[in-house]
There are 2 protein chains.
Amino acid sequence: MKVPRPPRGFRDFPPDRMILRKRLFSVLEETFQKYGFDPIDTPAVEYWETLAGKYGEEAENRLIWRFQDPWSGREYALRYDLTVPLARFIANHRDLPMPFKRYHIGPVWRHEEPQRGRYREFYQCDADIVGSPYPEADAEIIELTIDALKALGFKTGFKVRLNDRRLLRGIFEQELELSNPLPVYRAIDKLDKIGLDGVVGELRKINLEENKIEKIKNIISIKGTSDEILDSVLSKYKNNKLIVEAVDHLRTIVELVDMDEYVEIDMSLVRGLDYYTGPIVEVVLERPRIGSVAGGGRYDTLIGMFIGQDIPATGVSIGIERIIDAGIELGIYSLSKKTLTEAQVIVLDRNHYDYAWQVTRRLRKAGLNTRIDLSRASHRVQRRKAQRLGIKYLVFIGEKEAVNRKVTIYDTETGDRWEVELDHIDKIFHK
Amino acid sequence: MKVPRPPRGFRDFPPDRMILRKRLFSVLEETFQKYGFDPIDTPAVEYWETLAGKYGEEAENRLIWRFQDPWSGREYALRYDLTVPLARFIANHRDLPMPFKRYHIGPVWRHEEPQRGRYREFYQCDADIVGSPYPEADAEIIELTIDALKALGFKTGFKVRLNDRRLLRGIFEQELELSNPLPVYRAIDKLDKIGLDGVVGELRKINLEENKIEKIKNIISIKGTSDEILDSVLSKYKNNKLIVEAVDHLRTIVELVDMDEYVEIDMSLVRGLDYYTGPIVEVVLERPRIGSVAGGGRYDTLIGMFIGQDIPATGVSIGIERIIDAGIELGIYSLSKKTLTEAQVIVLDRNHYDYAWQVTRRLRKAGLNTRIDLSRASHRVQRRKAQRLGIKYLVFIGEKEAVNRKVTIYDTETGDRWEVELDHIDKIFHK
């Protein structure tokens, strides 16, 4: 008999994984809320035309899970990220007070070739500010991201890379007059993986002129503090309006955030999605080298694609799946917690099951996550199962306990064992 | 310009709705955990063959969102409930300690005709016990259900109806020798809506013999306490093994739960899904009359469809969408909370924005959900927006506050206004 599996690239989460995931989602939610973001939800399914033309060619032609309703013939798609649905949401809810700050934690679907750390269904954890064109909003997103990483247990060992689409456009499209900058961006984006010589090699492969390659090389290898890099870029292109505007914007962000230990301007940062228009960010861990664990930026024209009038917006998406994988690898997270159950009622004598049932009710009422034997197992088996799951309290119910309306409690962590009157259980365990 | 909407039958949840939903999901989670259930998750997408042949004809041919991967040609489906995915999960995780108690809160998709209270995407909140054939497990599911409804704010005004598929099979298929009982079940299931005469009318329409109609009428109109109904059924069919077994099983459940004010045996309860094999339950509210708000039962052969060897299981699905709709209608729930933000920093003087930014950080660090102006709005506008959202604390930052490193706090609920040193903020707000 062939047992069906989850579809390729999709995953089941048993309790040990799910307990960890839920804890991390809570940490993120608390952080989002602390920064004044409120939750929203949107459907998993959108009309195809909502997603079409927003993400770029590869996503559109290959990566979006697209399907046709066999009855109506209507084209649908599973959501590809949480940003385009947010833009559609804003377009449908024009009465929301601005700036509108929302967070959204939920699954998205991509038709990727599954591999280590890459799934076809994965959660994104997004926070976005809609309605402010100012660097304050971008700065808040960056502070939130740093705080979220810290709250998730990554105290150091990560960097927030910051660039601006206007710098890319100003330098590569206006100043270097590249008519087709996309392959150049793609090459630059690999700097981390293939090094400066690798990038130069790639640029030669696309037959870029040597003098332009030289200029690109200079730009992407500027090193220094954020201020130094911005000064250097500005000195090179101080007559380009777009570049001046971007440098100004980035400088205000960096000054407000004021955390040079985390934030660095990175002239090689590109990011894949089409819809960014201003500052872009990416968070990378020092180790393991698993690519970025968060990314985002400003997209001032995306909502306008729906309503014909631009509304500025900026945000970040925290890649919780990679963070979980990395955290487990680094030993920051463990899967040792197999149950949330705190007490197991062990039935020593089936004649007193009714009493054990009452005790279970009382323990639950006292706020203790409690199980009782449901399998008519021997007390040895009941005990072994509870211990295998790491349940802290064993609560024994036999003849003696039933007759005296007591319970015998064994704390598996301390080794303490004591008898309590049933009527006093609430006082002992009440949290 | 045509603004795209969420697909028909799908919904957006703005913060006010989402804040309510999240609170109710938390209430349910806490209840599930108190009863010793642990969380799992499974994919939204399953292979079509996983869902095929499990739910009955209507679901299979009309209601499951089924689609083909345009690249591989492989057939997929969006999950239709959380029970069949659980069965597949168990089949894939044979090393789980039994009984396995899991809860699962997540969306499911049905290709229904959208109407009031009926959506194409909706959340289910399920708790199931896998591995126990005993009535203790069913009893625990029923107690959990009652407790969950109470925790959700429905102190009274609901009933748990209980029947058993073996009674239906024993009475209608074995004793009454109906070769095609499905139309009869469908008629009986409408008792609530169309009354006894209505059911009789339906049975005549399908040309059932009058003596059988008379017997069916007698069965489904038995009234009394659970014990009286079970006695009455048993006295009629005491030689039918299946019926005796079911009566016995139900009696143990009713005795353990021992809550006649909530639980009633209902011989007209059928439930739609194919996979039930034993006790079945349904929860109905007295008002509003919106159909059942929870339902479940025992399905001892479903997992066996995947692994060729039966594993007993029983569970309940709490219909949170109908509960929310009903709760709002009854005034138990409100949508008045528009934000989780507790404090708004009002910038009186933009020259001191840096100081306001520091204050915001400190408030967040103290655990207060805090916003700061990101729109360079006048202080009047900042204030109006905060009040429109119902934010409790307004924290004013102007020249005076910046120079003295203080903040002025205004409590919009009490009307109190006071000045605090920045360094003492933590002490005031720390939770």
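The ellipsoid that matches the Cα gyration tensor of the range B:343-429 has semi-axes, each √(5λ) in whole angstrom, of 17, 16, 12, with the longest given first. For the range A:343-429, the Cβ-based charge dipole about the Cα centre amounts to some 400 debye (Lys, Arg positive; Asp, Glu negative; other atoms uncharged). Per-residue mean of foreign Cβ neighbours for B:41-53 is 5 (Cβ atoms of other chains, 10 Å radius).
Label points for A:Asp411 are taken 7 Å from Cα along Cα→Cβ. From this copy to the others they lie 3.8 nm apart, shortest first. The range B:41-99 and the range B:387-418 have Cα centres separated by 54 Å.
Each label was represented as a point 7 Å from its Cα along the Cα-to-Cβ direction; for A:Ser72 and B:Asp426 these points are 5.5 nm apart. With R₀ fixed at 45 Å, the C-beta to C-beta distance from A:Asp227 to B:Ile328 puts the FRET efficiency at about 0.25.
For the range B:1-97, the set of trypsin sites (Lys or Arg not before Pro) satisfying both a DSSP loop assignment and a count of at most 14 other C-beta atoms within 10 Å is given as B:Lys2, B:Arg8, B:Arg74, B:Arg94.
For q values of 0.11, 0.13 Å⁻¹, compute log₁₀ I(q)/I(0) with the Debye formula on a Cα-only model of chain B, without solvent. The Cα Debye sum returns log10 ratios of -0.92, -1.14. Relative to the other identical copies, B:Gly195 shows label-point distances of 8.8 nm, where the label point lies 7 Å from Cα along the Cβ direction and values run shortest first. Pairs of alpha carbons in the range A:55-200 separated by more than 19 Å make up 72% of all such pairs. Between 0 and 90 degrees, the angle of helix B:191-205 with respect to the longest Cα principal axis of chain B falls at about 30 degrees.
Computed from point charges on the beta carbon alone (+1 for Lys and Arg, -1 for Asp and Glu), the dipole magnitude for the protein assembly as shown about its Cα centre is near 40 Debye. Each principal axis of the Cα atoms in the range A:222-381 has its own extent, and those three values, largest first, are 90, 41, 26 angstrom.
Taking Cα atoms only, the orientation of helix A:379-389 departs from the longest principal axis of chain A by about 20 degrees. Using R0 = 25 Å, the C-beta based FRET efficiency linking B:Thr252 and A:Asp349 works out to 0.90.
For A:Thr145, the solvent-accessible surface with a 1.4 Å probe is about 10 Å², rounded to the nearest 10. Simple spin-label estimate for A:Thr412 and B:Leu182 gives 4.8 nm between the two label positions (7 Å along the Cα-to-Cβ direction from each Cα). Surface composition of the range B:15-330: carbon and sulfur atoms hold 44% of the protein heavy-atom accessible area at a 1.4 Å probe. Per residue, the average separation of C-alpha pairs within less than 8 Å and at least 6 apart gives the range A:96-229 a relative contact order of 13 percent.
Computed from the alpha carbon positions, the gyration tensor of the protein assembly as shown leads to an equivalent ellipsoid with semi-axes of 55, 32, 26 Å, biggest first. Relative contact order of the range A:6-103, taken over Cα pairs closer than 8 Å and 6 or more residues apart, is 31 percent. Distance from a point 7 Å along Cα→Cβ of A:Arg287 to each backbone N in the range A:138-176: keep the residues under 18 Å and list them by number. The answer is A:154-159. Loop-resident chymotrypsin sites (Phe, Trp or Tyr not before Pro) (DSSP state other than H, G, I, E or B) in the range A:338-431 with no more than 12 further Cβ atoms inside 10 Å of their Cβ are absent.
Taking all protein chains together and a 1.4 Å probe, the residues B:Phe10, A:Phe122 rank A:Phe122, B:Phe10 from largest to smallest accessible area. Spacing of the modelled spin labels on A:Glu399 and A:Asp16, each 7 Å from Cα toward Cβ, amounts to 4.0 nm. The two copies B and A are related by a rotation, and the chain B beta carbon nearest its axis, with distance in whole angstrom, is B:Phe67, 2. FRET efficiency for the pair A:Val3 and B:Glu261, taken as 1/(1 + (r/R0)^6) with r the Cβ-Cβ distance and R0 = 60 Å, rounds to 0.85. For A:Lys215, the lysines whose Cα falls under 27 Å of its own Cα, not counting residues fewer than eight places away in the same chain, are A:Lys159, A:Lys190, A:Lys193, A:Lys205, A:Lys223, A:Lys236, A:Lys238, A:Lys241. The loop-placed GluC sites (Glu not before Pro) in the range B:68-170, going by DSSP, that have at most 13 neighbouring Cβ atoms within 10 Å of their Cβ come out as B:Glu112.
Relative contact order of the range A:343-429: 34 percent, from C-alpha pairs under 8 Å at least 6 residues apart in sequence.
Inter-copy label distances at B:Pro97, using a point 7 Å along Cα-to-Cβ, come to 5.0 nm with the shortest given first.
The values are calculated or read from the model by the stated rules, or taken from the named source; none is laboratory data. The structure displayed is predicted, hence computed values, not measured ones. Please note: Cβ atoms are built from the backbone with ideal geometry, for glycine as well, and neighbour counts cover all protein chains shown. Note: areas computed on protein heavy atoms with side chains; ligands, DNA, RNA excluded. Shrake-Rupley method; radii C 1.70, N 1.55, O 1.52, S 1.80 Å.
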